[in-house]
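> One structure, as structure tokens, below. Some questions next.
The values are calculated or read from the model by the stated rules, or taken from the named source; none is laboratory data. What you see is a predicted model; the values in this text were computed from it and never measured. Neighbour counts run over all protein chains shown; Cβ positions are idealised from the backbone, glycine included.
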Amino acid sequence: MHISVQTEDFDVSTELKRLQAQNSAIGAVVSFVGLVRDLLEQPSLIAMELEHYPGMTDKSLRAIAEEATRRWNLIDSVIIHRVGRLCVMDQIVLVAAASAHRGEAFAACEFMMDYLKTEAPFWKKENSVNGDRWVDARVSDENALAKWRL
């Protein structure tokens, strides 16, 4: 399990190769890369600032990955989340799940991303030519999370 909160960018290929090299029983790796996108109609987004609470964030990400491992018997996983000032089309997050079978890897990857979007302590502020605004939680993210609740 690799958990990282960092300002620097990550190389998806390098991270997936590292993940795959951990265990020859891995039969499937599913990954998701989130990007900064411009959802504002006018004016357009300049950048997004992501803040977090060190220690608490790492603990939260680890708990998400551990729960995914428990539910789907993952062999390994990766969660890398960037913080700081990011521009449109910059990578924000990498979530990857490795298991013996693709179904488990797909479900675990989606689970980790859904929990990360709603439960991990990150705060996002959009910087636009019209000023800054904090991003509120989306109802769609909460709805996605609901399907995983036991």
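> Name the pairs whose Cβ atoms lie under 7 Å apart, with the first residue in the stretch 128-144 and within 24 Å of ILE46 (Cα to Cα) and aliphatic (A, V, I, L, M), the second at pLDDT below 70 and surrounded by 10 or more Cβ atoms within 10 Å (Cβ to Cβ), and 6 or more positions between them or separate chains?
What qualifies is VAL129/PRO43.
> May I ask you to say which residue of LEU74, LEU116 is touching a residue at least 40 places away in the same chain (Cβ under 8 Å), closer than 25 Å to LYS17 by Cα and touching a helix residue (DSSP H, G or I) at 6+ places or on another chain (Cβ under 8 Å)?
One residue alone meets the criteria, LEU116.
> Search the stretch 46-65 for residues being farther than 21 Å from PHE111 by Cα and hydrophobic (A, V, I, L, M, F, W, C), and hand back the single one that is nearest to the chain's Cα centre (by Cα).
LEU50
> Further question: Would it be correct to say that GLU8 is part of a strand (DSSP E or B) and surrounded by fewer than 14 Cβ atoms within 10 Å (Cβ to Cβ)?
So GLU8 fails the test.
> Please go through the stretch 77-102 and pick out each residue that is free of Cβ contacts under 8 Å to residues at least 60 places away in the same chain and of a type outside the set (Lys, Arg).
Within the stretch 77-102, the subset free of Cβ contacts under 8 Å to residues at least 60 places away in the same chain is 85-89, 92.
Matches in the stretch 77-102: LEU86, CYS87, VAL88, MET89, ILE92.
> Answer yes or no as to whether ALA63 is more than 26 Å from VAL135 (Cβ to Cβ) and without any contact (Cβ under 8 Å) to a residue 24 or more places away in the chain. Spell out the reasoning first.
Working: more than 26 Å from VAL135 (Cβ to Cβ): no; without any contact (Cβ under 8 Å) to a residue 24 or more places away in the chain: yes.
No: the conditions fail for ALA63.
> Quick one: is SER77 closer than 30 Å to SER24 by Cβ and under 16 Å from the mean Cα position of the chain (by Cα)?
So SER77 fits the description; yes.
> Continuing with the same structure: Count, please, the residues in the stretch 56-86 that happen to be part of a strand (DSSP E or B) and either out of contact with any strand residue (DSSP E or B) (no Cβ under 6 Å at 6 or more places or on another chain) or not hydroxyl-bearing (Ser, Thr, Tyr) (or both).
9
> So, VAL29, is that one within 24 Å of GLU119 (Cα to Cα), loosely packed, with under 15 Cβ neighbours inside 10 Å, in contact (Cβ under 8 Å) with a residue 40 or more places away in the chain and β-branched (Val, Ile, Thr) or not?
For VAL29, the condition - within 24 Å of GLU119 (Cα to Cα), loosely packed, with under 15 Cβ neighbours inside 10 Å, in contact (Cβ under 8 Å) with a residue 40 or more places away in the chain and β-branched (Val, Ile, Thr) - is not met.
> Another one. Of the residues that sit in the stretch 15-55 and are part of a loop (DSSP other than H, G, I, E, B), under 20 Å from GLN91 (Cβ atoms) and not basic (Lys, Arg), which one is modelled with the highest pLDDT? Even if it seems obvious, please write down each step before you answer.
As a first pass, look at the stretch 15-55 and keep what is part of a loop (DSSP other than H, G, I, E, B): 21-27, 36-44, 53-55.
If we keep only those that are under 20 Å from GLN91 (Cβ atoms) too, we end up with 36-40, 44.
Retained after the next criterion (residues that are not basic (Lys, Arg)): 36, 38-40, 44.
Details: VAL36: 89, ASP38: 77, LEU39: 68, LEU40: 58, SER44: 80.
Per the stated criteria, the residue is VAL36.
> Next question, about the same structure. For the stretch 99-119, does any single residue satisfy the condition of being within 15 Å of the chain's Cα centre (by Cα), buried (at least 21 other Cβ atoms within 10 Å of the Cβ) and of a type in the set (Ser, Thr, Tyr)?
There is at least one residue in the stretch 99-119 that is within 15 Å of the chain's Cα centre (by Cα), buried (at least 21 other Cβ atoms within 10 Å of the Cβ) and of a type in the set (Ser, Thr, Tyr).
> Regarding the stretch 82-91, can at least one residue be identified that is at pLDDT 95 or above, within 16 Å of the chain's Cα centre (by Cα) and within 28 Å of SER24 (Cβ to Cβ)?
No, the stretch 82-91 contains no residue that is at pLDDT 95 or above, within 16 Å of the chain's Cα centre (by Cα) and within 28 Å of SER24 (Cβ to Cβ).
> Checking VAL93 against (1) more than 16 Å from VAL135 (Cβ to Cβ); (2) in a strand (DSSP E or B), which test does it fail?
(1)
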